[in-house]
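Enquirer: Input: one structure, supplied below.
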Amino acid sequence: MFNEIIQQHKRLDVVVNCAGIGIARRTYNINKHTMHNFDEFKRVLDINVSGTFNVIRWACHMMSENQPNAQGQRGVIINTSSIAAYDGQIGQVAYAASKGAVVSMTLPLARDLSSMGVRVCTIAPGLFHTPMLAALPEKVRVLLGNMVPFPRRLGRSDDFASLAQMIIENPYLNGEVIRLDGALRMPP
């Protein structure tokens with residue numbers, strides 16, 4: 001992937017790291033006497049945390065070749081977490097842990113990469129109209145959107161994109177996690 005970027009564009013200035021998966025499993029189901037599958041737990045962390053970090057390290061390698069701009073910046077990395085990092089629900093242990101790790105990486109990454117002129121921020125979206133939610137019945141999606149205080153709807157890709165653009169354009173934003181959730185706080 002990164003070789004293709006270099007071949008086509010000759011440089012990498014911005015990474016918006018959005019890959020992630022989630023599963024809904026309780027740690028222990030007392031009625032069925034079953035445990036959360038450990039391999040599933042590790043898979044969520046591997047994709048959401050290790051995958052995020054792997055993209056970051058390769059992006060840094062490429063950005064290190066960029067000439068700094070007038071402010072000394074070589075690039076911007078935007079990671080995607082989730083409000084589950086703060087408000088993890090029942091059955092979201094693996095997902096919340098993985099998104100909490102992405103939140104926890106933000107400031108140390110920004111500090112690590114400051115000497116090379118790369119900024120790092122994280123967006124923590126709430127309920128967004130994604131392929132995962134698109135699979136739900138319309139009635140359920142409307143119900144979920146109505147949980148959001150304002151605006152009373154699911155987030156849209158243009159909401160996310162406008163925040164990402166603002167992060168890219170504001171050179172003083174660094175090391176921050178920004179919730180993008182319409183003031184939603186998830187119940188247990």
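Enquirer: When only residues in the range 76-87 that are under 22 Å from E40 (Cβ atoms) and assigned to a helix (DSSP H, G or I) count, which is farthest from the chain's Cα centre (by Cα)?
Expert: Across the range 76-87, the extreme among qualifying residues is D87.
Enquirer: Take the conditions more than 26 Å from Y172 (Cα to Cα) and out of contact with any Asp or Glu (no Cβ under 9 Å at 6 or more places or on another chain) and apply them to A101. Does it pass?
Expert: no
Enquirer: Within 22 Å of R179 (Cβ to Cβ), among the polar types (S, T, N, Q), touching a Gly at 6+ places or on another chain (Cβ under 7 Å) and without any contact (Cβ under 8 Å) to a residue 60 or more places away in the chain: does that describe N66?
Expert: Taking the combined requirement at face value, the residue does not satisfy it.
Enquirer: Identify, from the list I6, I23, the residue that is more than 24 Å from A161 (Cβ to Cβ), modelled with pLDDT under 95 and in a loop (DSSP other than H, G, I, E, B). Even if it seems obvious, please write down each step before you answer.
Expert: Numbers: I6 fails: in a loop (DSSP other than H, G, I, E, B).
Unique residue meeting the criteria: I23.
Enquirer: Being free of Cβ contacts under 8 Å to residues at least 40 places away in the same chain, among the small types (G, A, S) and closer than 19 Å to V16 by Cα: is that true of G75 here?
Expert: no
Enquirer: Give L144, L136, L173 a once-over and let me know the one that is over 26 Å from I47 (Cβ atoms) and free of Cβ contacts under 8 Å to residues at least 60 places away in the same chain.
Expert: Exactly one residue qualifies, and that residue is L173.
Enquirer: Follow-up question, since we're still on this one. Read through the list (1) in contact with a strand residue (DSSP E or B) (Cβ under 9 Å, 6 or more places away or on another chain); (2) on the phi > 0 side of the Ramachandran plot, then give the number of the only condition that L109 fails.
Expert: Of (1) in contact with a strand residue (DSSP E or B) (Cβ under 9 Å, 6 or more places away or on another chain); (2) on the phi > 0 side of the Ramachandran plot, only one is false for L109: (2).
Enquirer: With respect to T80, determine if the residue is hydroxyl-bearing (S, T, Y), surrounded by 14 or more Cβ atoms within 10 Å (Cβ to Cβ), free of Cβ contacts under 8 Å to residues at least 60 places away in the same chain and on the phi < 0 side of the Ramachandran plot.
Expert: Taking the combined requirement at face value, the residue does not satisfy it.
Enquirer: What number goes with the only condition from (1) surrounded by 14 or more Cβ atoms within 10 Å (Cβ to Cβ); (2) polar (S, T, N, Q); (3) within 15 Å of the chain's Cα centre (by Cα) that Q73 does not pass?
Expert: Evaluating Q73 over (1) surrounded by 14 or more Cβ atoms within 10 Å (Cβ to Cβ); (2) polar (S, T, N, Q); (3) within 15 Å of the chain's Cα centre (by Cα) leaves (3) as the failure.
Enquirer: Go through the range 89-128 and count every residue that is surrounded by fewer than 20 Cβ atoms within 10 Å (Cβ to Cβ), more than 15 Å from the chain's Cα centre (by Cα) and without any contact (Cβ under 8 Å) to a residue 60 or more places away in the chain.
Expert: Adding up the residues that qualify gives 5.
Enquirer: What pairs come out if I take residues in the range 1-27 that are among the hydroxyl-bearing types (S, T, Y) and pair them with residues that are at pLDDT 90 or above and in a helix (DSSP H, G or I) whose C-beta lies under 8 Å away, six or more apart or interchain?
Expert: T27/V93
Enquirer: Still on this structure, please answer the following. Contact list please: Cβ distance under 9 Å, first residue in the range 32-46 and surrounded by 13 or more Cβ atoms within 10 Å (Cβ to Cβ), second residue among the charged types (D, E, K, R) and not in a strand (DSSP E or B), pairs at least six apart or on different chains.
Expert: What qualifies is H36/R26.
The values are calculated or read from the model by the stated rules, or taken from the named source; none is laboratory data. Keep in mind it's a predicted model, so treat the numbers as computed, not measured. With ideal geometry, Cβ positions are generated from the backbone for all residues, glycine too; neighbour counts draw on all protein chains shown.
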